[in-house]
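These notes concern the structure reproduced below.
The values are calculated or read from the model by the stated rules, or taken from the named source; none is laboratory data. Bear in mind the structure is a predicted one, so any value in this text is a computation, not a measurement. Virtual Cβ from ideal backbone geometry, glycine too; neighbours counted across all protein chains shown.
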Amino acid sequence: MNHVALLIPGLDRIGGAERQLMLLAKGLRGRGWRVSVVALSGTGGDAAAELAGAGIAFLSLEMRKGLADPRGWLRFHRWLKQEKPGVVHAHLPHAAWMARWSRLATPVRVVVDTLHSSSTGTGVRRMGYRLSDWLSNEVTAVSHAVAAAHLAAEMAAKITVIPNGVDMDAWRPDAAARAAVRGELAIENEFLWFAAGRLEPVKDYPTLLAAMAQLPSTARLVIAGTGPLEEQLRGLASQLCLQSRVRFLGFEQDVRRWMQAADGFVLSSRWEGLPMALLEAAACALPAVATDVPGTREVIVHGGTGWLAAQGDPRALAEAMTRLMHTSLDGRKTIGEQARQRAFDSFSLELALTRWEALYSDLLQRNRRPSRRAQMR
């Protein structure tokens, strides 16, 4: 049985990359692969228990000083020698560097790493990727925008695009869930917008709140997520007199029911890789409005599955949101159906798993013995 080890900085806080790793781990296990998940730090929390229930081994390297913690390196080397995974697949920068440099001491057959964001980060990050590029058999990206940004920054010589996948069976319209949530909120004729994501600068919630202040009083907004800007954003909502129209959910375990209950999904990010929340909204046949930035352009067909608006421009975002609000119910249903069909055709989990299996199998075929460098690319 082929063994793949998925390496990530941590699973205690779940974002887009972590959610995609969980889907990949469980999907590959269901297709007959032996799968292990290795976190650089943390306990794994509920995610570790979920993996165990799916028959997936979880290991934390318990690194408390980042990559400067030698104990984590030693634990990883011992684990590699004992378990001998055929593929080590790293997600996010620190995990990528861990996977790459570790093979110098403990040879492996294949190292793959995935880029999840179109942001190329600091000069240190860019240099880290350039110096270790020769140690990776395949560099992949979740979108063409991510690949283009990293190629332009000369962080890799070649990048293969394998988009994120969404579980189309799990994320789907549900009339019962819609009615239940809207009943809880006592919503009848109001238009319910939903946004999901960490309350951090990259998501640019101030622009979203400023746009909300320009919408009709019938517009409501629910935001799912926690983060360092929560107090500041609550204060801004109060300043804009939006207390009765905007609800902060904090951490929400079941985001899906909110997708199913909403009339529109909104994403105000400054940049994205390939936003999982936007894919999940599409799978739920939920029309979306998002900022016109790399990553979102590959999900939304402007005027077909939703609308794009200039980044950082509250007025432009408000105009796009108003346009969707003024679309008839039948029109919104058509847009939602088109969004779901596009998600099925281009971003389904089954399609993503097939692409990953093909890549792993090809690399294993071309790299039959453990090596201290990427011999075949």
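Summary table below
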{"quantity": "Only listed residue being farther than 27 Å from ASP167 by Cα and modelled with pLDDT under 95, chosen from GLN253, GLN214, GLN239, GLN243", "calculated": "GLN243"}
{"quantity": "Conditions (1) free of Cβ contacts under 8 Å to residues at least 60 places away in the same chain; (2) out of contact with any helix residue (DSSP H, G or I) (no Cβ under 7 Å at 6 or more places or on another chain); (3) outside the structural domain of PRO216 (by TED's automatic domain parsing); number of the one not met by SER132", "calculated": "(2)"}
{"quantity": "Matching residues in the range 173-215 - criterion: being of a type in the set (Val, Ile, Thr) and either in contact with a Phe, Trp or Tyr (Cβ under 9 Å, 6 or more places away or on another chain) or outside any loop (DSSP other than H, G, I, E, B) (or both)", "calculated": "VAL181, VAL202, THR207"}
{"quantity": "Qualifying residue in the range 137-146 (condition: crowded, with 20+ Cβ neighbours inside 10 Å, within 27 Å of ALA5 (Cβ to Cβ) and touching a Pro at 6+ places or on another chain (Cβ under 7 Å))", "calculated": "yes"}
{"quantity": "Subset of the range 160-182 (residues that are crowded, with 16+ Cβ neighbours inside 10 Å, under 18 Å from the mean Cα position of the chain (by Cα) and either over 30 Å from LEU135 (Cβ atoms) or hydroxyl-bearing (Ser, Thr, Tyr) (or both))", "calculated": "VAL166, ASP167, MET168, TRP171"}
{"quantity": "Members of the range 4-36 that are closer than 19 Å to LEU279 by Cβ and acidic (Asp, Glu)", "calculated": "GLU18"}
{"quantity": "Count of the range 346-376 residues which are of a type in the set (S, T, N, Q), surrounded by fewer than 17 Cβ atoms within 10 Å (Cβ to Cβ) and either under 20 Å from the mean Cα position of the chain (by Cα) or closer than 16 Å to ARG19 by Cα (or both)", "calculated": "2"}
{"quantity": "Residue ID - farthest from HIS3 (Cα to Cα), chosen from residues in the range 117-136 that are modelled with pLDDT under 95 and in a loop (DSSP other than H, G, I, E, B)", "calculated": "THR122"}
{"quantity": "Yes/no for ALA157 being crowded, with 21+ Cβ neighbours inside 10 Å and not assigned by TED's automatic domain parsing to the domain that holds THR327", "calculated": "no"}
{"quantity": "Residue in the range 65-85 that is at pLDDT below 95, aliphatic (A, V, I, L, M) and more than 22 Å from the chain's Cα centre (by Cα) present", "calculated": "yes"}
{"quantity": "Residues of the range 157-169 satisfying the condition of being modelled with pLDDT of 95 or more, of a type outside the set (D, E, K, R) and farther than 17 Å from GLY336 by Cβ", "calculated": "ILE159, THR160, VAL161, ILE162, PRO163, ASN164, GLY165"}
